[in-house]
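Structure first, commentary second.
Values quoted throughout were computed directly from the atomic coordinates according to the rules given, and no laboratory measurement underlies them. Quantities reported herein were computed from a predicted structural model and do not represent experimental measurements. All Cβ positions, glycine included, derive from the backbone under ideal geometry; neighbour counts span all protein chains shown.
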Amino acid sequence: MKLTLKFIFISAAVLVTGFNVHEAKAQLVKCFDVSSRTGWQYFDLGSPYTRIASVSGGWSVDARSYAPVGFQGHNEPGLEPYNQYKYDGGYPFGALFVDIPIDGYGYVWVRGVQQLPKPITRTAIRINDADNALGDNSGVLRVCFNR
C-alpha cells in the first residue's frame, strides 16, 4: 500500500510539474559534430560541463590514402614524413583536440570518455592537422559532453 501511494504521489508530481525524464537526460548531454575539413570549430555549451561523455564517427587526414580513425588519430608509419603538416607535432595526425578556454589552459587531447581539467561553458574542437592541409581530409566526429 505504501509503495502504491508513493508511486501515485510521484506520478502526480510529474504531471503537475511537467517533468520529463527524457528532457532531463537530454539537458545533461550536449553533442556536436566536428568536421575534419575545418580548423578550430566553436561551440557554446550554455552551462558548465565537466566530461567528455562519448566520441563517435571517423575521420582521416588523407581520405585517399588512409582509412578513417577515431579520436586517437592515425598511427600509420607512412605519415611520419609529413609531420610538418600537423597542427601540433607532439600528437598523432587526426587526434581530437578540445580547447579549455579558462585561465589560458590550452587544449587537451581527447582519448575517449574522460574528465575535463576544468568545467567549461564554451569550447573549440579540431582535428590535429595543419590549417593549410585540411583540404584532403574527410569525415566527422560527434563529440558529446556531460556533467
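Give me the net charge for the shell around residue 121: Cβ to Cβ below 13 angstrom, other residues only, Lys and Arg +1, Asp and Glu -1.
Value of the local net charge: +2.
Could you please state, rounded to a whole Å, how far the C-alpha centre of region 97-120 is from the C-alpha centre of region 122-147?
A separation of 14 Å, based on Cα centres.
Work out the length of the dipole vector of region 91-147 about its Cα centre, built from +1 on the beta-carbon of each Lys and Arg and -1 on the beta-carbon of each Asp and Glu, and round it to the nearest 20 debye. Spell out each step's value before the answer.
On the way: 6 positive and 5 negative charges, 73 e Å.
In total the dipole reaches around 360 debye.
Quick one: compute a quarter of the convex hull surface over the Cα atoms of region 37-147 and quote it in nm².
On the way: hull surface 26.1 nm².
Averaged projected area of region 37-147's Cα convex hull equals 6.5 nm².
Report the full-extension gain for the segment residue 118 to residue 88: residue separation times 0.36 nm, less the Cα-Cα distance, to one decimal in nm. Please report the intermediate quantities before stating the final value.
Numbers: separation 30, 0.36 × 30 = 10.80 nm, distance 2.15 nm.
Full extension of this stretch gives 8.7 nm more.
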